[in-house]
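Trainee: Got a structure here, written out as structure tokens. Questions coming.
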Amino acid sequence: MFIKRLPDFEHHAPASLSEALGLLSRYGERAEVYAGGTDLLVAMKKREKTPEHLIDLKKIEEMKGIYFDEKKGIRIGTLTTLGELERSTLVKEKFSTLWDALTMMASPQIKSLGTIGGNLCSAVPSADTAPPLIALGALVKMVGPSGEREILLENFFRGPKESVLQKNELMKEVFVPQPGDFTSGKYIKLMRREAMDLALVGVAACLTMESHGKICKGARIALGSVAPTPIRALQAEEILINRGIDEARAAEAGKAASVVCRPISDIRSSLAYRCSMVEVLTKRAIMEAYRRIP
């Protein structure tokens, strides 16, 4: 049964990261943090979560913003909304794989509230920003009582709704390295509706070619919604590296990706259908990433 009224809780609005960490340490398991609240507040109405304390992060300026360095890459504060990222010309031009995902997820209303940190920290297998960020080699920075630590995003997820983020930690920012020359990517999402739907399958592919454009020197392929966590398709990547990219090679990589995925059958799709779509969409993502390379 869906319960519309929120349960009772005490609201906290820290103005700094250190203040927020202090509240987390004080209240521990009795607290939840939120920014947009697009997942948490719904869960609270359903009584799936009933925290006694809600820690509102929206006033913490050090966790907001998009910062770009031509040599290093882009740093994105985890409170940056999905809408802000979608509207960013920088993200569209320099990190088009991520921008692809942003254009296909949620509604404008949700994207005006939902944050990139929330999308990742929810750790759901269908999170749209995860596969493109993994394919781009992203890292996340977490802050806790013991200081800061960084981890590759592909190692962040532990299982459905589970991650390495500790209860007394916050994800502060996402860092995406500057793509090399002759590098581009593509994210493709399969969904039952044309918009505002969860991914049945999500595939992100990033390729780096030699300067003459004939030989692939680097490949990263990430899959979403087809395993307990977003995953790399390492065998598919190996098929592409140090070889030319064409339809046959991309199809071979697609078959390899369909073997490593571990989807489930549920009300939205069957295991067999998801596996077949991984093969199709991986091939398509590879070829579209290849065509994008200047």
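The values are calculated or read from the model by the stated rules, or taken from the named source; none is laboratory data. In this text the structure is predicted, and so the values were computed from the model without any measurement. For neighbour counting, all protein chains shown are included, and Cβ atoms are generated from backbone atoms with ideal geometry for every residue, glycine included.
Trainee: Which one is surrounded by the most Cβ atoms within 10 Å (Cβ to Cβ) among residues in region 127-145 that are under 18 Å from R158 (Cβ atoms) and within 9 Å of the chain's Cα centre (by Cα)?
Mentor: Only one residue fits best here, namely P131.
Trainee: What number of residues within region 236-255 are crowded, with 17+ Cβ neighbours inside 10 Å and either in contact with a strand residue (DSSP E or B) (Cβ under 6 Å, 6 or more places away or on another chain) or of a type in the set (F, W, Y) (or both)?
Mentor: Looking only at that region, the number is 4.
Trainee: In contact with a strand residue (DSSP E or B) (Cβ under 7 Å, 6 or more places away or on another chain), surrounded by 22 or more Cβ atoms within 10 Å (Cβ to Cβ) and without any contact (Cβ under 8 Å) to a residue 60 or more places away in the chain: which single residue out of A233, A199 fits that description?
Mentor: Result: A233 is the single residue among A233, A199 that is in contact with a strand residue (DSSP E or B) (Cβ under 7 Å, 6 or more places away or on another chain), surrounded by 22 or more Cβ atoms within 10 Å (Cβ to Cβ) and without any contact (Cβ under 8 Å) to a residue 60 or more places away in the chain.
Trainee: Still on this structure: Of all residues in region 146-160, which are assigned to a loop (DSSP other than H, G, I, E, B) and exposed (fewer than 15 other Cβ atoms within 10 Å of the Cβ)?
Mentor: Result: S146, P160.
Trainee: Filter region 190-211 down to the residues that are under 13 Å from the mean Cα position of the chain (by Cα) and at pLDDT 95 or above, then identify the one that is nearest to A106 (Cα to Cα).
Mentor: G202
Trainee: Of all residues being β-branched (V, I, T) and buried (at least 24 other Cβ atoms within 10 Å of the Cβ) in region 93-115, which is nearest to R292 (Cα to Cα)? Just the residue, please.
Mentor: Filtering region 93-115 for residues that are β-branched (V, I, T) and buried (at least 24 other Cβ atoms within 10 Å of the Cβ), the one nearest to R292 (Cα to Cα) comes out as T97.
Trainee: Same structure, new question: Looking at K255, K214, K172, which one is within 30 Å of E62 (Cβ to Cβ) and of a type in the set (K, R)?
Mentor: That would be K172, the only listed residue that is within 30 Å of E62 (Cβ to Cβ) and of a type in the set (K, R).
Trainee: Which condition from (1) at pLDDT below 95; (2) at negative phi is the one that A101 breaks?
Mentor: (1)
Trainee: Looking only at region 12-67, count every residue that is among the hydrophobic types (A, V, I, L, M, F, W, C), touching a residue at least 40 places away in the same chain (Cβ under 8 Å) and touching a His at 6+ places or on another chain (Cβ under 9 Å) and tell me the total.
Mentor: Counting residues in region 12-67 that are among the hydrophobic types (A, V, I, L, M, F, W, C), touching a residue at least 40 places away in the same chain (Cβ under 8 Å) and touching a His at 6+ places or on another chain (Cβ under 9 Å) gives 3.
Trainee: Among the residues of region 176-196, write down those that are under 28 Å from A272 (Cβ atoms) and buried (at least 22 other Cβ atoms within 10 Å of the Cβ).
Mentor: Within region 176-196, G185, K186, Y187, I188, K189 meet the criteria.
Trainee: Another question about this same structure. Give A227, A205, A219 a once-over and let me know the one that is touching an Asp or Glu at 6+ places or on another chain (Cβ under 6 Å) and either in a loop (DSSP other than H, G, I, E, B) or surrounded by 16 or more Cβ atoms within 10 Å (Cβ to Cβ) (or both).
Mentor: Matching residue, one of A227, A205, A219: A219.
Trainee: Suppose we filter E93, E52 for residues that are acidic (D, E) and closer than 21 Å to F175 by Cα; which single one remains?
Mentor: Every option except E93 fails the conditions.
Trainee: Would you mind telling me which numbered condition in (1) loosely packed, with under 14 Cβ neighbours inside 10 Å; (2) free of Cβ contacts under 8 Å to residues at least 60 places away in the same chain V164 fails?
Mentor: Of everything listed in (1) loosely packed, with under 14 Cβ neighbours inside 10 Å; (2) free of Cβ contacts under 8 Å to residues at least 60 places away in the same chain, V164 misses just condition (1).
Trainee: To continue, here is another question. Please report, ordered by residue number, the helices (runs of 4 or more DSSP H) entirely within region 68-113 with at least 2 residues that are free of Cβ contacts under 8 Å to residues at least 24 places away in the same chain.
Mentor: The qualifying helices (runs of 4 or more DSSP H) are 82-87, 89-94, 96-104.
Trainee: Determine whether F68 is over 30 Å from P179 (Cβ atoms), touching a strand residue (DSSP E or B) at 6+ places or on another chain (Cβ under 6 Å) and among the aromatic types (F, W, Y).
Mentor: Judged against the criteria, F68 is not a match.
Trainee: Being among the acidic types (D, E) and assigned to a helix (DSSP H, G or I) is the filter here, so list the residues in region 244-294 that pass it.
Mentor: Within region 244-294, E247, E252, E279, E288 qualify.
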